[in-house]
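Structure first, commentary second.
The values are calculated or read from the model by the stated rules, or taken from the named source; none is laboratory data. The model shown is predicted, which means the values in this text are computed figures rather than measured ones. Virtual Cβ from ideal backbone geometry, glycine too; neighbours counted across all protein chains shown.
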Amino acid sequence: MADAPLLEVTNLVKHFPVGGGLFGRGRKVLHAVDGVSFAIRPGEVLSLVGESGCGKSTTGRLILRLLAPTAGQVRFDGEDVLTADRRRMKALRRQMQVIFQDPFASLNPRMRVRTILEEPLVVHKVGDAASRAARVLEILGQVGLTADALDRYPHEFSGGQRQRISIARALMLEPRLVIADEPVSSLDVSIQAQVINLVQDLRDAHGLAILFIAHDLNMVRHVSDRVSVMYLGRIVEIGDVESVFADPRHPYTRALLAAVPVPDPAHRRARPLLAGDLPSPIDLPPGCRFQGRCPEVMARCRTVDPQLIQLGPDHQAACLLYD
């Protein structure tokens, strides 16, 4: 695995204005993403995990410029994505693709599979009709579907088959980075395993870098090289997957891992008690954002905003317990 990052995200911020009266008077700000930084190397899978609403999907959309960031920097292979003009951005998007969470909503119901898969090649003017048709058949086979799928519509497939079509579409242009936004959360467990194994096989075959957005920690441990834990728009812990799972340092990470079901009815383990409610991303508390739910809260947590500090060779956490 190469040492130079393929994707570098630095202090990424997205604030959404909400409410307010005439001319925006009294308008407040929703802190969806609030200073996120990480890097992904070629061929690496970095998982982004956390509760619903913590900013995971928004982060993925900001990287692809599907949303305009409030501040921050995104560099792909050394190039600034956020300042690229329209022509250059089109070229960059050949190398950065996305698999959306809901395959039924992300596939055009009026298009046959053949047209859905050919469309990226047509938009980017890749090859002629014959080479595009050959590429469609090749990628369809790689995701485990046969040629008789080409003239059918999305509604004629099962959820797992639709997600395979979405994966095929994302791989049509041979990208170097794929953002997988909870790609299996809407599927049955048996189908989830098939799709995850497929993504891993394609990663190994194509050397893809993947940002894997998920909330299923068992799955994250299975597919990831590194894991990043988000809470209320911030990364609170990041590191290689074995370090984070074996020795979680942030109280929020420990609570997430303790909530993962164990397939043994006789097994009992202590679970950290999270008190209070999730704070509003509009009216954030002073100091640590996790202070109102943390079982290890200290007085200084109510005034000091913790930053990520190095706790190991590839392990950081934002917690005053280690400051």
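Of the residues in segment 238-246, not one is in a loop (DSSP other than H, G, I, E, B) and either touching a residue at least 12 places away in the same chain (Cβ under 8 Å) or touching a Lys or Arg at 6+ places or on another chain (Cβ under 9 Å) (or both). Of the set (1) of a type in the set (A, V, I, L, M); (2) closer than 17 Å to residue 53 by Cβ; (3) surrounded by fewer than 18 Cβ atoms within 10 Å (Cβ to Cβ), all apply to residue 246 but (2). Residues in segment 94-113 that are among the hydrophobic types (A, V, I, L, M, F, W, C) and in contact with a strand residue (DSSP E or B) (Cβ under 6 Å, 6 or more places away or on another chain): 96, 98, 99, 100. Filtered by the rule that a residue be within 24 Å of the chain's Cα centre (by Cα) and not in a loop (DSSP other than H, G, I, E, B), segment 271-310 gives 309, 310. Residue 116 fulfils the conditions (1) within 20 Å of residue 237 (Cα to Cα); (2) out of contact with any strand residue (DSSP E or B) (no Cβ under 9 Å at 6 or more places or on another chain); (3) modelled with pLDDT of 95 or more except for a single criterion, (1). Could you tell me whether residue 212 is closer than 28 Å to residue 30 by Cα, in a strand (DSSP E or B) and either of a type in the set (Phe, Trp, Tyr) or at pLDDT below 90 (or both)? Spelling it out, residue 212 is indeed closer than 28 Å to residue 30 by Cα, in a strand (DSSP E or B) and either of a type in the set (Phe, Trp, Tyr) or at pLDDT below 90 (or both). Among the residues of segment 311-323, just one is in a helix (DSSP H, G or I) and touching a Leu at 6+ places or on another chain (Cβ under 9 Å), namely 322. The residue of segment 299-323 that is surrounded by the fewest Cβ atoms within 10 Å (Cβ to Cβ), among those that are farther than 23 Å from residue 244 by Cα and touching a helix residue (DSSP H, G or I) at 6+ places or on another chain (Cβ under 9 Å), is 300. Residue count for segment 86-109 under the criterion of being more than 15 Å from residue 171 (Cα to Cα), touching a residue at least 12 places away in the same chain (Cβ under 8 Å) and of a type in the set (Lys, Arg): the result is 1.
In this structure, residue 70 does not satisfy being under 30 Å from residue 255 (Cα atoms) and either among the hydroxyl-bearing types (Ser, Thr, Tyr) or more than 13 Å from the chain's Cα centre (by Cα) (or both).
Only a single item in (1) assigned to a helix (DSSP H, G or I); (2) in contact (Cβ under 8 Å) with a residue 60 or more places away in the chain is not met by residue 72, and it is number (1). The set of residues in segment 1-16 that are surrounded by fewer than 17 Cβ atoms within 10 Å (Cβ to Cβ) and either in a helix (DSSP H, G or I) or modelled with pLDDT of 90 or more (or both) comprises 10, 11, 13, 16. Screening residue 185 on (1) loosely packed, with under 15 Cβ neighbours inside 10 Å; (2) touching a residue at least 40 places away in the same chain (Cβ under 8 Å); (3) over 18 Å from residue 56 (Cβ atoms) shows it passes everything except condition (3).
In the condition set (1) modelled with pLDDT of 95 or more; (2) surrounded by 17 or more Cβ atoms within 10 Å (Cβ to Cβ); (3) not basic (Lys, Arg), residue 73 is compliant with all but (2). So, of the residues in segment 249-264 that are in a helix (DSSP H, G or I) and free of Cβ contacts under 8 Å to residues at least 60 places away in the same chain, which turns out to be surrounded by the most Cβ atoms within 10 Å (Cβ to Cβ)? For segment 249-264, the residue satisfying everything is 252.
Per the listing 88, 65, the residue uniquely surrounded by 16 or more Cβ atoms within 10 Å (Cβ to Cβ) and either closer than 30 Å to residue 38 by Cβ or of a type outside the set (A, V, I, L, M, F, W, C) (or both) is 65.
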